[in-house]
Each structure stands twice: as structure tokens, then as C-alpha cells.
Amino acid sequence: MYHIFTEDHFSAAHRLRKYHGKCERQHGHNWKVRVYVSGLELDDGGMLLDFTLLKAWLKDVLETFDHRDLNELPWFATEEPSAENICRIICEELSPRVEEAGDIRVSKVMVWESDKSCAIYEPE
């Protein structure tokens, strides 16, 4: 199995409606995102996936979140805009693009809301 990853970031505000503590008030983060793509075979050029494509696709997905109040986005009308849910949504939005490129898949998404706090989503 081959794995590659790329990282990017976005800045956004959110509030956790069902949390009891200071995070229920609106606050912001500079979120860091790392996306892993995995597959069994390399293409004719010896690559799993061109990093340029993966970076562009991730940037496009993150543009939806950047400099926004996450609570105002449709995904978070009923769900909490937690780091865990952000991981899953990034995976769901990125996966169709990756899968169209070959027999590869998004295998892991990591989202940091600070240098010391990270959530990880691995689709089944």
C-alpha cells in the first residue's frame, strides 16, 4: 500500500452549540488540515497521484470553509462544527475527485484546531 499526504490550512470561526463551556461562545481557529491518499498501484509515471492535483483539490474544498462562520454553512445547520465533523466533511467532499483519478482513496483526514489538538477521520 502506498500513501501520500498534503497539508493546507484555513481560518474560520465557530461555536459549539451543545458544548457547555467557553467553546459555546463564538471563537476562531487557524485550522491545519492534512489529507492522506492511499492505493496499491502506481501510475506509469511512478506516482500514486500527482501532488499538484491533490493540493489543488484540497485548496478548492477548504475555500468553502475559509474566513467563514462555520455555523452558517449548510453542513452545520444541524451538526456541530467540531473538528471531528470537519474531518468527515472534508473527506466526503474530496473523495469523489480522488476516486475519479484511479484506484485510490482518501484514507485519512486530520484537522488541527491548535498546535496541540487534532481530530482524525478514517473512512471505512
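With the convex hull drawn around the C-alpha atoms of the chain, the volume per residue stands at 105 Å³.
Taking the inverse of the mean 1/r over every pair of distinct Cα atoms in segment 1-62 gives a Kirkwood hydrodynamic radius of 14.1 Å. Each listed q (0.15, 0.22, 0.28, 0.32 Å⁻¹) maps to a log10 I(q)/I(0) for segment 40-90, found by the Debye formula over equal Cα scatterers with no solvent: -0.55, -0.82, -1.08, -1.22.
Between residue 30 and residue 120, the simple spin-label model (points 7 angstrom out along Cα→Cβ) gives 2.5 nm.
How many percent of Cα pairs in segment 56-122 exceed 21 Å?
Values: 540 of 2211 pairs.
For segment 56-122, the fraction of Cα-Cα distances above 21 Å is 24 percent.
In the chain, helical runs assigned H by DSSP with n ≥ 4 each contribute -39500 (n - 2.57); averaged across all residues and rounded to the nearest 500, the mean residue ellipticity at 222 nm is -8000 deg cm²/dmol.
Read-outs: derived from the displayed coordinates by stated rules, not from any lab. All of these numbers come straight from a predicted model, not from anything done at the bench. Using ideal geometry, Cβ is built from the backbone for each residue, glycine included, and neighbour counts are taken over all protein chains shown.
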